[in-house]
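Here the structure comes first, spelled out in structure tokens, and everything after it is commentary.
The values are calculated or read from the model by the stated rules, or taken from the named source; none is laboratory data. Everything numeric here is computed off the predicted structure, so don't read it as measured data. A quick note on method: Cβ atoms are made from the backbone with ideal geometry, for glycine too, and the neighbour counts reach across all protein chains shown. Note: accessible area is taken over every heavy atom of the protein model, side chains too, but ligands, DNA and RNA are not part of it. Shrake-Rupley method; radii C 1.70, N 1.55, O 1.52, S 1.80 Å.
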Amino acid sequence: MSTVADRPQPRGIARLRGLELQEYALALVVVALFVTGAILKPDTFPTWDNIRNMLTQASVIGVLAVGMTFVIATAGIDLSVGSMVAAAGVFGGIMVDPEGGSLLFIVSAIAFATLMGTVNATAVAYGRVVPFIATLAMFSIGRGVALLLNDKLPVGLLDLNGGSFGDPAAFSLLWFGTGRVLGLPVSVYVFLGVTVAGWVLLNRTRYGRYVVAVGGNREAARIAGVPVRRVIFSVYALSGLLAGIATVLLCARLGSASPVSGNLYELDAIGAVVIGGTSLAGGRATIVGTFLGVLTFALIFSLMTQLNLSTEVQQVTKGAIVLGAVLLQRPESRW
Amino acid sequence: MTFKRRATALAGAGLLALGVAACGDSETKTVTVSAAPASGTADDSGRKVTIIASVPPTDHGWLGAISKNAKAAADKFQDVEFSLLEAADADSQAQQIEQAIARKPDALVVLPQDGEALTPVAQKAERAGIPVVNIDRLFSKPDAATSTILGDNYQIGVLAAGYIAEQLKCQGNVVEIQGLAGISVTEDRSKGFTDELKKRCPNGGVKVVARQPGDFNPDTGLKVMENILQAQKKIDAVYTHDDDMAQGVVQAIRNAGRDDEMFLTGVGGSQDAMKQIAAGGLYRATFLYNPNMAASAVNMARLIAKGEGFPELVPPEVPRQVVVPAATVTKENVAEYEEYAFN
């Protein structure tokens, strides 16, 4: 695979240009999908209500995908986020069952997911386990833990509502899923907040430069004085933390924590990151691209359900659009 | 030519079947003889029988109830040594059963992940003289099981269509949230529903406006229903294929504040569903798909292993197939069924 470094241009600028091009191309895909939806389903697709719905649905994968962007930027991968979501949810659930408040659920779910992320982080950064294997192990461990914690049963969380359905009390658990502030669901604010924070962290801090440097060329980064191990450790821990936040958003909408939830979420998160333009080989990352990738998935899913397409057709279409989006945004100069 | 070949094949198959039958017979006889001296005392005849059950991963309410009921049934008998195996997929389940055959149990109880895929290994067990009791998902060959206990998925669809047609007086928009796409349980529950709806409402007044799989999973159910609620401005009833998954669908409807507009039905008979049905409101009915069939299977495996047959039938034979009927559970009769609810 040829990299930007092979070309004579100043490296930083070339990288930016390539990425910006990809971001524009993907933005075009998002617009095209929206327009297609508006033409096919003019009454129900381009409505404010549906836009809000799509953003809400995107928020869980969106939060996971921001963490995944950092992991992939270091040339790593985190296959365990879906299992972490299930395990953290059930853990939070048994902490508040039968007595406990929303805050206890939120804190314990996030803490548990962060802990699991830290195990990944330790294995990869200090145990020198290949990320694919370490997180594949956690994929299995997490799902097993989710099933073991409450004897395979889901835990109901509706008692943490603090209000009636559709109108949860402020700062209750369900408020994070369905409560609204200025017309937008709270979960969408969380998603946007995480995205903006991720963007700042990646593009405006020394830490962000370290992350990309470690993914680009680990040896060079080490010689340049980047604390490589600590950086690698941090991205897996961050991925765990964000899996915890995603857990809260999912459980808040669902009103329960199920050991079978979060199934294959890691693939959606990785898919969104990759069609966003972040390189699986590391060294190139874009939060804006990831955000657009997440929107692409949300649009596809919403449109296909609205068109009442069968699962088989949905699977083929989703795959084709992902492939098409990635092909479309590949700058020719990179071949 | 082809006819000739087929005839030869048939003859061969017939011979094979005879051979198997003969083997089976002698097997049964020896069992009967050895069990005979103690047959006077009811449960504790002294002779222990070992039963191994193999089921898919019990990460789902109904499957969880299957394994619990099987264990509970086995615990009731002091002469049964019982072990339960769980397998992640059809392939590992086949391997697991291979290993179980090597342990030479007196009977096997199998809820196959995929009936078609596990038929050969079940046939192998039968040929090795280990009777197999098949539950829920049917093997594709009759010689793969000594006895079969099934729920009636087609009838569940029929009952659901009957209930919904009656409630809506054959007029309205219906959404169907299916189970996992591509398995017979889903197909049967859907086909029974479609067929019966046509029969009940030939005028076509009940329209299925959306039909999507929710994978028996509450968070997929939630997401799919959220989108359907966006697309359909008027929904009168929702037929879901499963009580666990229905919880996600219920939540989507409530989050959208549209719980007065429609009602919903489930399948299975979970405690949660029954509680909501008793309370009244959105959740109006469920169709019992009784996980007690696992207990029946263990009982039957024990009887076959001991060569005793059913007490009320002429021993030592047991029925080749038992179909457990589905039942409609509504607010009116939920009290009768609460004892069968699983969580």
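Quick one: which strands (runs of 3 or more DSSP E) lie wholly within the range B:65-162 and hold at least 2 residues that are surrounded by fewer than 24 Cβ atoms within 10 Å (Cβ to Cβ) and charged (D, E, K, R)?
On the way: elements: B:80-86, B:107-110, B:132-135, B:147-151.
Passing ranges, in order: B:80-86.
Among strands (runs of 3 or more DSSP E) lying entirely in the range B:202-279, which contain 2 or more residues that are at the interface with chain A (Cβ under 10 Å from one of its Cβ atoms) and in contact with a helix residue (DSSP H, G or I) (Cβ under 9 Å, 6 or more places away or on another chain)? Steps first, please.
Details: elements: B:206-213, B:237-240, B:263-268.
In the range B:202-279, B:206-213 are the strands (runs of 3 or more DSSP E) which contain 2 or more residues that are at the interface with chain A (Cβ under 10 Å from one of its Cβ atoms) and in contact with a helix residue (DSSP H, G or I) (Cβ under 9 Å, 6 or more places away or on another chain).
Anything in the range B:181-223 that is among the basic types (Lys, Arg) and either closer than 20 Å to B:GLN113 by Cβ or open to solvent by less than 10 Å² (accessible area, probe 1.4 Å) (or both)? List them, or say none. Don't jump to the end; show me each part of the working.
First pass over the range B:181-223, keeping only residues among the basic types (Lys, Arg): B:189, B:191, B:198-200, B:207, B:211, B:223.
Within the range B:181-223, just B:ARG189 meets the criteria.
Could you tell me whether B:ASN290 is more than 11 Å from every other protein chain (Cβ to nearest Cβ) and either open to solvent by less than 40 Å² (accessible area, probe 1.4 Å) or not in a strand (DSSP E or B) (or both)? Show your work before the answer.
Working: more than 11 Å from every other protein chain (Cβ to nearest Cβ): yes; either open to solvent by less than 40 Å² (accessible area, probe 1.4 Å) or not in a strand (DSSP E or B) (or both): yes.
Yes; evaluated as a whole, the condition is true for this residue.
Within the range B:331-343, how many residues are acidic (Asp, Glu) and more than 22 Å from the chain's Cα centre (by Cα)? Steps first, answer last, please.
First, the residues of the range B:331-343 that are acidic (Asp, Glu): B:332, B:336, B:338-339.
After this cut, where a residue has to be more than 22 Å from the chain's Cα centre (by Cα) as well, the list is B:332.
Qualifying residue count for the region: 1.
If you go through the range A:170-209, how many residues are in a helix (DSSP H, G or I) and open to solvent by 30 Å² or more (accessible area, probe 1.4 Å)? Steps first, answer last, please.
Looking only at the range A:170-209, we keep the residues that are in a helix (DSSP H, G or I), and these are A:173-178, A:186-204, A:206-209.
Within this subset, residues satisfying the condition of being open to solvent by 30 Å² or more (accessible area, probe 1.4 Å) are A:175-176, A:189-190, A:192-193, A:196-197, A:199-201, A:203-204, A:206-207, A:209.
So the answer is 16.
How many residues does the range B:304-327 hold that are touching a strand residue (DSSP E or B) at 6+ places or on another chain (Cβ under 6 Å) and over 30 Å from B:ASP79 (Cβ atoms)?
2
All but one of (1) within 14 Å of chain B (Cβ to nearest Cβ); (2) surrounded by fewer than 21 Cβ atoms within 10 Å (Cβ to Cβ) hold for A:ALA281; state the number of the condition that does not hold.
Here A:ALA281 meets the rest and fails (1).
In the range A:130-160, which residue that is within 14 Å of another protein chain (Cβ to nearest Cβ) and part of a loop (DSSP other than H, G, I, E, B) is most open to solvent (accessible area, probe 1.4 Å)?
This residue is A:ASP151.
Looking only at the range A:210-249, count every residue that is without any contact (Cβ under 8 Å) to a residue 40 or more places away in the chain and either on the phi > 0 side of the Ramachandran plot or loosely packed, with under 15 Cβ neighbours inside 10 Å (or both) and tell me the total.
Counting residues in the range A:210-249 that are without any contact (Cβ under 8 Å) to a residue 40 or more places away in the chain and either on the phi > 0 side of the Ramachandran plot or loosely packed, with under 15 Cβ neighbours inside 10 Å (or both) gives 7.
Could you tell me which residue of the range B:299-330 is nearest to the chain's Cα centre (by Cα), considering only residues that are among the charged types (D, E, K, R) and exposed (fewer than 15 other Cβ atoms within 10 Å of the Cβ)?
Of the residues in the range B:299-330, the ones among the charged types (D, E, K, R) are B:302, B:306, B:308, B:312, B:317, B:320.
After this cut, where a residue has to be exposed (fewer than 15 other Cβ atoms within 10 Å of the Cβ) as well, the list is B:312, B:317, B:320.
Working: B:GLU312: 24, B:GLU317: 23, B:ARG320: 16 Å.
Checked the range B:299-330; the qualifying residue nearest to the chain's Cα centre (by Cα) is B:ARG320.
Within the set of pairs 6 or more residues apart or between chains, which connect a residue that is at the interface with another protein chain (Cβ under 9 Å from one of its Cβ atoms) inside the range A:34-56 to a residue that is charged (D, E, K, R) and open to solvent by less than 30 Å² (accessible area, probe 1.4 Å) with Cβ atoms less than 6 Å apart?
Matching pairs, first to second residue: A:ASN53/B:GLU226.
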